[in-house]
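Nothing in this text is a laboratory measurement; each read-out follows from the coordinates by a stated rule. This structure is a prediction, so every number in the text was calculated from the model and none was measured.
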């Protein structure tokens, strides 16, 4: 085996093991409790989907954000922590982009996390972005958010879509 391939393989294995360890040692992992509360998970999913529609499609940011805690933790580097800064950021964004929409393509849950796969656009003719939004819910309130965002390309090397 070529030395560079061996080094790359070793690095990939190390990253994979570190990721697996980090994921299983997370304080938010329901695996620690050995069983899932599917009723609670579905309630969390319904809460997040309802919030998302009101906030990102109807642009009722103040009303929708009632389910967001004041200490809301944000992992998107462009959006500040805290409920009020989060609401202010998107209130301004929707003023500048009144036709912005975010269609939830699919959703899933695992423990206190709700995952949304979303097609977000800023108006007609915009190919938009594919997003995976992850929300953490505690005691019926949204407390934390992560996202992964990818522009929808004009062309693809395959016939699959991002959705």
Legend entry - Cα centroid of the range 133-152 to Cα centroid of the range 70-121, whole Å: 7
Legend entry - Anisotropy class of the range 55-126 from Cα gyration tensor, a/c 1.5 cut: oblate
Inset, instruction - Give the Kirkwood hydrodynamic radius (Å, one decimal) of the range 76-163, defined as one over the mean of 1/r across all pairs of different Cα atoms. - result: 14.6
